[in-house]
Amino acid sequence: MPIDGDILIHVGYATPSGEIDPDTFEIFRIPKGTFFVIRPGVWHHAPFVYNTDYVNTLIVLPERTYVNDCYVVNLNDDQKIKIEL
């Protein structure tokens with residue numbers, strides 16, 4: 001939940017093979033004070049601030065999520081996504 005400013009978050013469908021499909025990604029603006037949930041099976045990364053230099057956020061995760069459930073997939077140049085506002 002962004003506490004003191006808006007954020008932008010990009011999300012996309014995770015595939016069974018673990019391959020990233022850039023065409024499934026969408027970006028959303030989350031207004032400050034809005035709680036949102038990212039369901040399992042959704043590719044995402046850290047949000048970006050919107051119209052400010054920083055935003056404090058509240059993140060609620062089950063215990064040991066980063067150890068048990070988080071995977072980083074590096075994109076090659078062909079897979080990179082350009083976000084335009």
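For segment 55-85, residues that are surrounded by 10 or more Cβ atoms within 10 Å (Cβ to Cβ) and under 26 Å from D4 (Cα atoms) total 4.
Within segment 8-33, the residues that satisfy the criterion of being assigned to a strand (DSSP E or B) and in contact with a Ser or Thr (Cβ under 7 Å, 6 or more places away or on another chain) are G12, Y13.
For segment 1-44, the candidate set comprises residues that are at pLDDT below 85 and of a type in the set (D, E); within that set, the residue that is farthest from N74 (Cα to Cα) is D23. Residues in segment 34-54 that are surrounded by fewer than 11 Cβ atoms within 10 Å (Cβ to Cβ), touching a residue at least 24 places away in the same chain (Cβ under 8 Å) and more than 14 Å from the chain's Cα centre (by Cα): N51, Y54.
Which members of segment 50-74 meet the condition of being among the polar types (S, T, N, Q) and either modelled with pLDDT of 75 or more or farther than 25 Å from I20 by Cα (or both)? N51, T52, N56, T57, N74 - these are the residues of segment 50-74 that are among the polar types (S, T, N, Q) and either modelled with pLDDT of 75 or more or farther than 25 Å from I20 by Cα (or both). Just give me the residues in segment 1-31 being surrounded by fewer than 12 Cβ atoms within 10 Å (Cβ to Cβ), in contact (Cβ under 8 Å) with a residue 24 or more places away in the chain and closer than 11 Å to W43 by Cα, in sequence order. The answer is G18, and nothing else.
Checked across segment 57-77, the condition of being under 14 Å from the mean Cα position of the chain (by Cα) and not in a loop (DSSP other than H, G, I, E, B) holds for at least one residue. The criterion of being over 11 Å from the mean Cα position of the chain (by Cα) and closer than 21 Å to I81 by Cβ holds for D21.
The values are calculated or read from the model by the stated rules, or taken from the named source; none is laboratory data. In this text, all values refer to a predicted model and were calculated from it rather than measured experimentally. Quick reminder, even Gly has a Cβ in these numbers, built from the backbone with ideal geometry, and neighbours come from all protein chains shown.
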